[in-house]
């Protein structure tokens, strides 16, 4: 994700070989997030509240540097909201789908349609996170079809097919025996931090 943002926001970093790497970042980011949610207990309101709170704080913390970086692209940098808001929305939709009320589907669909208009990667990002979660839980062709649909929407957004490199990477990753030490909640620090660093680089470039 940092590579993608460097390419997008820092002209000096726009090396041709970096671009395909950056295009793979978001699908991997979204899939891994959806995958980690399969270990999450959506029936525990306290846990859901804590997760949503962490995501919201991270999204808000990331907003200032993200808006600065986005300025000059579209919507004065205010739109779309950064990807953490998209993750927040995906978690909220998944949580609503666990409700016992008969209106849960209607509420989730309305939230998906309206909320998807305002977050980074729009409905493509939401579909990828949500149905990565459902595919890991229930690996069937219906869930896979929606994931493929999300990639077609990403192609329309990105204007290229690099995102499809995601599939061989995820497929072959299962055969690798890699062990990493997991640092709890490090993601919530690194995401706003990397935006802050890139904002600093952009500011220094603009001052020259």
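The values are calculated or read from the model by the stated rules, or taken from the named source; none is laboratory data. Because the structure is predicted, anything quoted here is derived from the model rather than measured. Heads up, the Cβs are rebuilt from the backbone with ideal geometry, glycines too, and the neighbour counts pull from every protein chain shown.
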For the stretch 72-85, state whether one or more residues are touching a strand residue (DSSP E or B) at 6+ places or on another chain (Cβ under 9 Å) and part of a loop (DSSP other than H, G, I, E, B). yes
Do we have residue 69 as more than 20 Å from residue 9 (Cα to Cα) and part of a helix (DSSP H, G or I) here? no
Where residue 151 falls short, out of the listed (1) within 13 Å of residue 28 (Cα to Cα); (2) modelled with pLDDT under 90: (2)
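Looking at 121, 133, can you tell me which residue is in contact with a helix residue (DSSP H, G or I) (Cβ under 7 Å, 6 or more places away or on another chain) and on the phi > 0 side of the Ramachandran plot? Before you say what the answer is, go through the steps one by one.
Details: 133 fails: on the phi > 0 side of the Ramachandran plot.
Just a single option satisfies the conditions, and that option is 121.
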Which listed residue is modelled with pLDDT of 95 or more, surrounded by fewer than 14 Cβ atoms within 10 Å (Cβ to Cβ) and more than 20 Å from residue 145 (Cα to Cα), from 52, 89, 106: 106
Of the numbered conditions (1) more than 22 Å from residue 78 (Cα to Cα); (2) within 20 Å of the chain's Cα centre (by Cα); (3) surrounded by fewer than 20 Cβ atoms within 10 Å (Cβ to Cβ), residue 120 satisfies every one except a single condition; which is it? (1)
Is there a residue being surrounded by fewer than 12 Cβ atoms within 10 Å (Cβ to Cβ), touching a helix residue (DSSP H, G or I) at 6+ places or on another chain (Cβ under 9 Å) and part of a helix (DSSP H, G or I) anywhere in the stretch 182-190? no
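Among the residues of the stretch 147-154, is there at least one that is within 26 Å of residue 63 (Cβ to Cβ), in contact (Cβ under 8 Å) with a residue 60 or more places away in the chain and surrounded by 12 or more Cβ atoms within 10 Å (Cβ to Cβ)? Quick ask: steps written out before the conclusion?
We begin by selecting, within the stretch 147-154, every residue within 26 Å of residue 63 (Cβ to Cβ); these are 150, 153-154.
Now narrow it down to the ones that are in contact (Cβ under 8 Å) with a residue 60 or more places away in the chain: 154.
Still in the list and also surrounded by 12 or more Cβ atoms within 10 Å (Cβ to Cβ): 154.
Yes: the stretch 147-154 contains one or more residues that are within 26 Å of residue 63 (Cβ to Cβ), in contact (Cβ under 8 Å) with a residue 60 or more places away in the chain and surrounded by 12 or more Cβ atoms within 10 Å (Cβ to Cβ).
Going through 109, 114, 129, 105 one at a time, which residue ends up being in contact (Cβ under 8 Å) with a residue 60 or more places away in the chain and assigned to a helix (DSSP H, G or I)?
Numbers: 109 fails: in contact (Cβ under 8 Å) with a residue 60 or more places away in the chain; 114 fails: in contact (Cβ under 8 Å) with a residue 60 or more places away in the chain; 105 fails: in contact (Cβ under 8 Å) with a residue 60 or more places away in the chain.
The conditions single out 129.
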Given the criterion at negative phi, out of contact with any strand residue (DSSP E or B) (no Cβ under 8 Å at 6 or more places or on another chain), in a helix (DSSP H, G or I) and modelled with pLDDT of 95 or more, identify the matching residue among 94, 64. 94
Looking at residue 126, is it surrounded by 20 or more Cβ atoms within 10 Å (Cβ to Cβ) and at negative phi? yes
